[in-house]
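Notes follow once the structure below has been shown.
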Amino acid sequence: MFQFRKVCFVVGIISLMMIQSSCAQKKDITVSKNKESKVESFLSQMTLEEKVGQMNQYNGFWDATGPAPSGGDSKMKYDHLKSGKVGAVLNVAGAENVRKLQETVVNESRLGIPLLFGFDVIHGHKTLSPIPLAEAASWDLEAIEKSARVAAIEASARGINWTFAPMVDISRDARWGRVMEGAGEDTYLGSQVAVARVRGFQGDDLSDDNTIAACAKHFAGYGFAESGKDYNTAEVSLTTLYNVILPPFKACVDAGICTVMNSFNSLNGIPATGDKFLQRDILKDKWGFEGFVISDWGSTMEMIDHRYAKDKRDAAIIAANAGSDMDMESYAYVNYLAEAVRKGYVQMEYIDDAVRRILKIKEDLGLFDDPYKYCSSKKESTLIYHTDHKAAARDMAKKSIVLLKNEDKALPLSTSQKGLAVIGDLAADKNGPLGNWRIGSEDNSAVSFLEALDAEGVNYKYAVGTEVSVGKEEFIRELEINNSDESQFQEAINLAKTSEKVIMVLGEHGYHSGEGRSRANIGLPGNQQELLEAVYAVNKNIVLVVMTGRPLALTWADSNIPSIVNAWQLGSEAGHAIVDVLYGKYNPSGKLPMSFPRSVGQVPVYYNHMSTGRPGPKDLVFWSHYTDETNDPLYAFGHGLSYSTFDYSDVTVMNSYSVDKTVKVSATITNTSDTKGKEVAQLYMQDVFASVTRPVRELKGFQLVELAAGESKTIEITLSEDELGFYNNEGNYIVESGDFLIYVGGSSVGGIEKKFTIN
């Protein structure tokens, strides 16, 4: 029988060639030495089944360091690995585990094409940063990029070379649990944050061994799920699609993102996984995206439940024709796609295009040169929980905190404060502050608020007050909320009676928000509101610290509690960051990336709404409003206080659009307090009239400005055509002549107004 030789990956270093030549035992495969033609070289030698195999992704199914599986689904997947029918796996981590799986494919499949290893590196890996919504509240793009960089370093050290992040879905509905995973309600801020995270994950050179491929998700409309229910239908106008939903994805494509994930939802009647208009017409053709599209978990076969595909075979055909390049855990492509091609239901050019895209990412990661580049056990042991990473997580966390209210300058506190009571289950919790996505880390690994107080030598007394949840805390199960047990109320009330000041730490556990965790009522979960009111009845001197993964309706608290701090879910260093802010070691500078409603009935509530044909307020009833609630949110987008105060003045507009297509806006910002601080200066624009109705105002620029006490600085923000125009309902970007209003200030409300005209 003809003696085959195994392919050896061509590299420029002779020693590496000698090491890899030990695997040259089986088949006679030709691989070009030219980097640009390696992909085509592999593609030309692949069978149809091997091509479809590259389009197949399986979840981790086998303890790679143990014996090979001998039966069932695991045996089938193992056989597929060896026969070249798997292009990627997910949820496999650890240098040794990754190496064993990679060795199986490289040494035993015919072509030895290495695997991609995907993982949900959402807000850190071993060291957890704040949830993405919290990071967006920092408006600090440099810090956000650094956070993603740290996550990539840790993940890559554990063999992972691909993350399913960033999530760039814009959402205006706080009921939707996955708002915690995005950057909030605004397209401009969301786009800037998305690009920062792509840069952090992918670095300057994707072939470096501490970078990972990023994935923009979910394409598209997932954040507009009806009723805020996860996985639900989305119905949006073309105006909303082009101007609100799609721009963050376009920004990621322009930043060189490697992959895009389609979404679970149907959009205007078409499941996204089977939407050719989104995936081929817009993403690949119009935008020129060169990476590949991955389905979400099982979303290919879920087209059957959408009643859009009759069976898995039909689903595979629809998804492949629509431009979904890789199938995650649906078993649809691997079982049905080759036959569909042979019968003419799917064009071969679509298969080749998908495989070419997948192989290109593997080539860009350097896996053809060294399939084991991410498999260093030594690196893994030295980079996990690195001291610098903890410091970065703490820095990111304190920058993410938003001071919502601070009457009579009750904050910051003094460490010498006497008679201090701390109340709330979450104050001692080491698990909830980690947030929802922590599958690469360990449960109960956060620094709790109480631990951080102890580290600062703060003298306090503690009472639980009420348990937030009961039972197991699991990623795959709904959290059971404590709605009835008030047995610990009295201890907390008694403590509050005898204390000078009370810090109450209330809110959501990390598993109250996230995937599959929509809430119809978005107040404090369980009986925490009752506890807050009971403590307030005996001691009104309360600082309320809210841990949350979404905007909450805090109307009662806003009316009664003098100081409110939104601490989100801040990750591994949560407690330290909160104490840093409460005690003035860090002057809060966060601003809300999402509006906080007064009541759930306002949702969705967002700042950049249309004016409608009947704006108000008016004396008569006939205008767009509620009869039992105001239209405005409790805390608006961009809101956030500081221990400093800032004044805006001298706003000028330099309109040179007719010369260089730009409008420059300058403003002077003065720190009018005796405390050094940072301010997020925000610029909003209103297109006064246009061929498509435009929002009342839109964020078009911002700068993070640090000012010493009494210091003034002048900032300048340049508006280019990218900021001055919009997409019409044909998807064409246009800048129209007419009048524009500019608003410069510290939030989306108010600001100094100026006008300019484009002729």
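Only the coordinates and a few stated rules stand behind these numbers; no lab work does. Given the structure is predicted, the values throughout are model-derived calculations rather than measurements. In this analysis, Cβ positions are derived from the backbone assuming ideal geometry, glycine residues included, and neighbour counts consider all displayed protein chains.
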Principal axis dimensions, the stretch 399-602 - Cα atoms, whole angstrom, descending | 43, 32, 32
Could you work out how far helix 332-342 tilts from the main Cα principal axis of the chain, as a 0 to 90 degree angle to the nearest 10?
-> 50 degrees
Along the charge dipole of the stretch 368-455, Cβ charges K/R +1 and D/E -1, which of Met396, Leu426, Ala446 sits furthest on the positive end?
-> Met396
Mean-position separation - Cα centroids, the stretch 483-521 and the stretch 449-479, in angstrom = 10 Å
For the stretch 211-346, rounded, prolate or oblate, judged on the Cα gyration tensor with a ≥ b ≥ c (square roots of eigenvalues), a/c < 1.5 rounded, else prolate if a/b > b/c?
-> oblate
Lys/Arg Cβ at +1, Asp/Glu Cβ at -1, dipole of the chain taken about the Cα centre: which of Gln528, Val735, Asn482 is farthest positive-ward?
-> Val735
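Where does the chain land at 222 nm, in deg cm²/dmol rounded to the nearest 500, when only DSSP H runs of n ≥ 4 count, each adding -39500 (n - 2.57), divided by all residues?
Details: 23 runs with 214 residues, N = 759.
Taken over the chain, the calculation gives -8000 deg cm²/dmol.
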Net +/- balance of residues flanking Ser666 in space, Cβ distance below 14 Å, scoring K and R +1, D and E -1 | +1
Please give every one of the aspartates and glutamates within straight-line cross-link reach of Lys77, meaning a C-alpha to C-alpha distance under 18 Å, and leave out same-chain neighbours fewer than 8 residues apart.
-> Glu49, Glu50, Asp63, Glu103, Glu108, Asp327, Glu329
Separation between Cα centres of the stretch 356-396 and the stretch 565-587, rounded to whole Å | 29 Å
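Using +1 on the beta carbon of Lys and Arg, -1 on that of Asp and Glu, and nothing else charged, what's the dipole of the stretch 627-759 about the Cα centre, debye to 20? Kindly include the intermediate steps, with their values, before the conclusion.
Details: 10 positive and 20 negative charges, 55 e Å.
In total the dipole reaches around 260 debye.
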About its Cα centre, the chain carries a charge dipole, from +1 on Lys and Arg Cβ atoms and -1 on Asp and Glu Cβ atoms, whose size in debye to the nearest 20 is 1340 debye
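What is the packing order of peptides 120-130, 608-618, taking the mean over residues of other C-beta atoms within 10 Å and listing the highest first? Walk me through the numbers before you get to the answer.
Working: 120-130: 28.3, 608-618: 12.5.
Taking the mean over residues of other Cβ atoms within 10 Å, the ranking is 120-130, 608-618.
Which order, highest average first, do 310-319, 447-456 follow once you tally other Cβ atoms within 10 Å for each residue and take the mean per peptide? Working shown, then result.
Numbers: 310-319: 21.4, 447-456: 19.6.
Per-residue mean Cβ counts within 10 Å order the peptides as 310-319, 447-456.
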Provide Ser266, Ser41, Ser416, Ser156 in ascending order of the number of other Cβ atoms located within 10 Å of each residue's Cβ, fewest first.
-> Ser416, Ser41, Ser266, Ser156
Hey, what angle do you get for helix 35-45 against the long axis of the chain, alpha-carbon based, 0 to 90 degrees rounded to 10?
-> 60 degrees
For the chain, rounded, prolate or oblate, judged on the Cα gyration tensor with a ≥ b ≥ c (square roots of eigenvalues), a/c < 1.5 rounded, else prolate if a/b > b/c?
-> prolate
Helix 187-202 sits at what angle to the longest principal axis of the chain, using alpha carbons and giving 0 to 90 degrees rounded to 10?
-> 50 degrees
Neighbourhood net charge (11 Å Cβ-Cβ; Lys/Arg +1, Asp/Glu -1) for Lys379 | 0
Would you list which lysines come within 26 Å of Lys286, measuring only between C-alpha atoms, while excluding same-chain residues fewer than 8 positions from it?
-> Lys51, Lys217, Lys250, Lys276, Lys360, Lys362, Lys661, Lys700
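Could you line up Phe622, Phe368, Phe42, Phe726 from fewest to most neighbouring Cβ atoms inside 10 Å? Kindly include the intermediate steps, with their values, before the conclusion.
On the way: Phe622 9, Phe368 23, Phe42 26, Phe726 20.
In order of increasing Cβ crowding within 10 Å: Phe622, Phe726, Phe368, Phe42.
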Sorted by average packing, counted as other Cβ atoms within 10 angstrom per residue and highest first, what order do 730-742, 696-708 take?
-> 696-708, 730-742
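What FRET efficiency comes out for the pair Thr555/Trp623, r = Cβ-Cβ distance, R0 = 22 Å, nearest 0.05? Please report the intermediate quantities before stating the final value.
Numbers: r = 23 Å, r/R0 = 1.04.
For R0 = 22 Å, the calculated efficiency reads 0.45.
Give me D for the stretch 354-409 in µm² s⁻¹, whole number, from Stokes-Einstein with Rh from the Kirkwood sum over alpha-carbon pairs, 20 °C and 1.002 mPa s. Please list the in-between numbers first.
On the way: Rh = 15.6 Å.
After rounding, the answer is 137 µm²/s.
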Phi-based couplings in Hz for the stretch 619-632 (Karplus 6.51, -1.76, 1.60; Gly and Pro marked x) = 5, 7, 7, 8, 8, 6, 6, 9, 8, 10, 7, 6, 7, 7
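Of all the C-alpha pairs in the stretch 447-534, what % are more than 15 Å from each other? It would help to have the intermediate numbers written out before the result.
Numbers: 2464 of 3828 pairs.
Value for the stretch 447-534 (Cα pairs over 15 Å): 64 percent.
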Integer Hz, Karplus 6.51/-1.76/1.60 couplings in order for the stretch 480-487, x for Gly and Pro | 8, 8, 7, 9, 10, 6, 10, 5
Net charge near Asn728, counting Lys/Arg +1 and Asp/Glu -1 over other residues with Cβ under 12 Å of its Cβ?
-> -1
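Only Lys, Arg, Asp and Glu count, each charged at its Cβ (+1, +1, -1, -1), so figure out the dipole size of the stretch 341-409 about its Cα centre, rounded to 20 debye.
Values: 15 positive and 12 negative charges, 46 e Å.
Dipole of the stretch 341-409, to the nearest 20 debye: 220 debye.
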